[in-house]
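Below is one structure, written out as structure tokens, with a few remarks after it.
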Amino acid sequence: MRLGQNSTRAFAEAQHYIPGGVNSPARAFGAVGGDPPFIDYGQGSRIFDIDGNEYIDYVCSWGPLIFGHAHPRVVDAVSRACSRGTSFGAPTTLETALARQVADMVPSVEMLRLVSSGTEATMSAVRLARGVTGRDKIVKFEGCWHGHGDSFLIKAGSSALTLGAPDSPGIPAGVAADTIALPYNDADALEQAIRQHPDQIAAVIVEPVGGNMGLVPPRPGFLERLRQLTRAAGTILIFDEVITGFRVAPGGAQERFGVLPDLTCLGKIVGGGLPLAAYGGRREYMEHVSPCGRRISQAGTLSGNPLAVAAGLEQLRMLSEPGVYDRLEAIATRLAEGMRANLSTLCLDYRVYQLGGLVCLFFTGQEIVDHASVSTADTELFGRYFRAALERGIYLPPSQYECLFPSLVHSDEDVERTLEIQLDALRAAHG
Ligand code: KE4
């Protein structure tokens, strides 16, 4: 990847002060080779680096920017909030308005707490589950990423998987011992785990659609079985909808698949590109979050920050307008169909998955159902494909284990241009 000299210089300096030169490992291009361009600004479906290169962006901040970069309505909402003060550390009516909007859109959510990141949301949801059940163990699924909380860095997905280090140093053995990692899409494994650990499992946390090992749809019946098994075992079912929330349907995967969890974690889109996430669900559980009920602790200086709330509320209101999800599904479907046509043109038997506003191309011919099948993908080839696409002006997520996040402002021309470039990048990758 020929990087502009300004980005090259910027990356060198950044690495002196910031580990890997980035504030989140996925951005370092470790999985795809080459150095990351440093971004100057974004507008709509495009981002522009500090050397003046333009890209059609399919990262979109890893999902939050469902209306693209610097949407006028979001910018205006944040600007108006900013002029009234950036933070108060005191309640505001807009936080209640956002909470009400989320509760109106997400079927299982009766009550919720706003926090500052998806990691904080999942950590808090698990602590709540442990607090109300009095149990210690949790179940997660291999290849799912729930942020960098200690309990989750066991066979994690996203950057942990990308960097080939599913288990992170620094996790106490005692914490790891309370996390049971099972194969995704394997409800029988959960049934067995519940039998092996009777009355010990506080929560099952799952991405209802795998989004951090690439796009891995739930097998028919998987989510329903999780719901049945957890209800029978007195275990709390947590849907981590940080990616799928407001992305695969207005009410997320729980609306799309008709399975209601006890707790839901939300992030990305709900914050409109600013640091805001949420966890919520059944009132009988949320009423034990401090300062209420059993006072299960969770706090945050900038939780419910007025700027982030303004951005998130505006985006959710825009998402509530008619026809939005048909448009998003149409964009993602066209991308997937076009990619399959490109693979057919080149007689390549790779797999393309699409669900709601998510798309993923796997460099393998195997059916994708779990972490093991995803691991058959040729990540070396993906790296060559990624760099070829970037050089041609398409900014894909820099990992085989991430999804494309198209926005509602990716035009038909953007999509057709993308598919033209994608064909070239596939050819270049195969030399
Ligand atoms: P954050 O702490 O990054 O806001 O959210 C953690 C998280 C929790 N749950 C799911 C399902 C998630 O996908 C994430 C974060 N997603 C990654 C990308 N797949 C964020 C990108 C990054 O780590 O830089």
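Derivation of every value follows stated rules applied to the coordinates shown; laboratory data play no part. Nothing here was measured: the structure is a model prediction, and the numbers come from that model. Here Cβ is always computed from backbone atoms with ideal geometry, including for glycine, and neighbour counts include all displayed protein chains.
Suppose the chain between Ala97 and Glu420 were pulled fully straight at 0.36 nm per residue; how much longer would it get relative to their current alpha carbon spacing? Walk me through the intermediate numbers first.
Details: separation 323, 0.36 × 323 = 116.28 nm, distance 4.32 nm.
Full extension of this stretch gives 112.0 nm more.
Pick from Phe88, Phe363, Phe239: which residue has the top mean-square fluctuation in a GNM of the chain where Cα pairs under 10 Å get a spring?
Looking only at Phe88, Phe363, Phe239, the largest GNM fluctuation is found for Phe88.
How large is ³J(HN,Hα) for each residue in region 28-39, as worked out from phi by the Karplus curve 6.51 cos²θ - 1.76 cosθ + 1.60 (θ = phi - 60°), to whole Hz, x for Gly and Pro?
7, 6, x, 8, 10, x, x, 10, x, x, 8, 8
Using helices alone, I'd like the mean residue ellipticity at 222 nm for the chain: each DSSP H run of four-plus residues gives -39500 (n - 2.57), total over residue count, nearest 500. If you can, show how the numbers build up before the last one.
On the way: 15 runs with 166 residues, N = 431.
The helix contribution divided over the chain gives -11500 deg cm²/dmol.
Please identify which residues in region 270-289 have an amide N closer than 19 Å to a label point set 7 Å out from the Cα of Leu302, following the Cα→Cβ vector.
270-279, by backbone N distance to the label point.
Evaluate the relative contact order of the chain (contact order divided by residue number), counting alpha-carbon pairs under 8 angstrom at least 6 apart; express in whole percent.
Numbers: 892 pairs, mean separation 97.5, N = 431.
Reported as a whole number, the value is 23 percent.
Counting Lys and Arg as +1 and Asp and Glu as -1, what is the net charge of the other residues whose Cβ lies under 13 Å from the Cβ of Gly157?
Numbers: positive: Lys140, Lys155; negative: Glu142, Asp167, Glu207, Asp240, Asp370, Glu402.
The answer is -4.
How many percent of DSSP beta bridges within the chain run antiparallel, rounded to 5? Present the calculation step by step, with values, prior to reporting the outcome.
Numbers: 24 of 42 bridges.
Rounded to the nearest five, the antiparallel share is 55 percent.
For the pair Asp378 and Asp188, how long in nm is the line joining their label points, each one 7 Å along Cα→Cβ?
With each label placed 7 Å out from Cα toward Cβ, I get 3.3 nm.
Specify the inter-centroid distance of region 290-318 and region 58-122, based on alpha-carbon positions, in whole Å.
Region 290-318 and region 58-122 have Cα centres spaced 8 Å from each other.
Counting pairs of alpha carbon atoms under 8 Å apart in space and at least six apart in sequence, what relative contact order in percent does region 55-163 give?
Across region 55-163, relative contact order equals 13 percent.
Show me 273-283, 73-83, 208-218 ranked by packing, highest mean number of other Cβ atoms within 10 Å first.
In decreasing order of mean packing, 273-283, 73-83, 208-218 become 208-218, 273-283, 73-83.
So what is the relative contact order of region 72-319, in percent, for Cα pairs below 8 Å that sit 6 or more residues apart?
Worked out over region 72-319, it gives 30 percent.
If we sort 412-424, 242-254, 99-111 on the protection proxy, mean other Cβ atoms within 10 Å, highest first, what's the order?
Numbers: 412-424: 16.7, 242-254: 27.3, 99-111: 19.2.
In descending order of packing, they fall as 242-254, 99-111, 412-424.
Could you sort 180-190, 333-343 so that the peptide with the highest average Cβ count within 10 Å comes first and the rest follow in order? Walk me through the intermediate numbers first.
Numbers: 180-190: 19.6, 333-343: 18.1.
Going by the mean number of other Cβ atoms within 10 Å, highest first, we get 180-190, 333-343.
On full extension of the chain, what length is gained from Gln43 through Cys82, given 0.36 nm per residue of separation minus the C-alpha to C-alpha distance? Mind showing how you got there, number by number?
Values: separation 39, 0.36 × 39 = 14.04 nm, distance 2.04 nm.
Going from the current span to full extension adds 12.0 nm.
Assuming 1.002 mPa s and 20 °C, estimate D for the chain with Stokes-Einstein, Rh taken as the Kirkwood radius over Cα pairs, in µm²/s.
Numbers: Rh = 22.0 Å.
The calculation lands on 97 µm²/s.
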